[in-house]
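I have placed the structure first, in the form of structure tokens, so that the comments after it can refer back to it.
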Amino acid sequence: MLDTGNHMNNKTLFISDVHLGSRGSNPKELYKVLNKEQPKEIFLVGDIIDGWLLKRRFYWTRESTDIIRKLLAYSNKGTKIVYITGNHDDFLRNYSPQDFGKIEIVDEYQWNSYLITHGDKYDGVVQLKWLGIIGSYGYELALIMDRTLKKFGYKKSFSKMVKDKVKSAVKFITDFEKQLAYQAKSKNCIGVICGHIHKPENKNILVQDTIIHYLNCGDWIENNSYIEYKNKKFKIK
């Protein structure tokens, strides 16, 4: 006899920067993770859908649809899903906050005394939206070049090199990690969970006289990373 009971576990997953609609996205790898188990909660920490690129040209794969279907299936089985908007899916901010049963769309969220935000609102470069859009297109081009060069045995990541150079050039505008930690402190939170800069991280940051726990989910373009919370512990996977 088949057991049809609820197999939901006590895990919470934090996923950001999937960029569905981008040629650099890896939805197939994300689906492998989502297909493993039934978490209690899923926080989608922005840029799940790349609306900027989809406005320019439509690129959508069956694997991208599979991700949406899997998330809806999770919701139907009782998993709480919170979608935090990012800059690439900022079209959703027109509908935020919104509650669709077990799926919420918000711009920011506080959970267990942690601030959950994509992070773009505190990135000085992205505040200059036209510059961010140009960077988005340029980064996708770099990803395409990267994969082409790898076919010919070129091992160094061209896209990563471009991104690192750009980020270092604009470092004087904002120190992203410290700014996010400061925002968490200003909202009386003990930590912050974010995405945006595609760099997975789990560390403590001193803000004035307070230690703030900083977590970044990473991305599903280069790192294929996410955060798992289980037994009161965070882990980057």
Next on the checklist: Give all pairs with beta carbons closer than 9 Å in which a residue from segment 16-30 that is at positive phi meets a residue that is open to solvent by less than 10 Å² (accessible area, probe 1.4 Å) and β-branched (Val, Ile, Thr); count only pairs at least 6 apart in sequence or on separate chains.
Outcome noted: 17/45; 17/48; 19/48
Checklist entry - How many residues are in a helix (DSSP H, G or I) and farther than 19 Å from residue 88 by Cβ when one looks only at segment 30-51? => result 4
Item to check | Subset of segment 18-51 (residues that are over 26 Å from residue 78 (Cβ atoms) and either open to solvent by 20 Å² or more (accessible area, probe 1.4 Å) or β-branched (Val, Ile, Thr) (or both)) | outcome: 23, 26
Checklist outcome for this item: By residue number, the members of segment 74-104 that are in contact with an Asp or Glu (Cβ under 8 Å, 6 or more places away or on another chain), outside any loop (DSSP other than H, G, I, E, B) and among the β-branched types (Val, Ile, Thr) are 81, 82, 84
Checklist entry - Of all the residues that make up segment 52-73, how many are open to solvent by 40 Å² or more (accessible area, probe 1.4 Å), part of a helix (DSSP H, G or I), of a type in the set (D, E, K, R) and without any contact (Cβ under 8 Å) to a residue 40 or more places away in the chain? => result 5
Item to check | Matching residues in segment 205-237 - criterion: being closer than 17 Å to residue 112 by Cα and open to solvent by 70 Å² or more (accessible area, probe 1.4 Å) | outcome: 211, 230, 231, 232, 233, 235
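The values are calculated or read from the model by the stated rules, or taken from the named source; none is laboratory data. Computed from a predicted model, the values in this text were never measured in an experiment. Using ideal geometry, Cβ is built from the backbone for each residue, glycine included, and neighbour counts are taken over all protein chains shown. Side chains included, ligands, DNA and RNA excluded: accessible areas come from the protein's heavy atoms. Shrake-Rupley method; radii C 1.70, N 1.55, O 1.52, S 1.80 Å.
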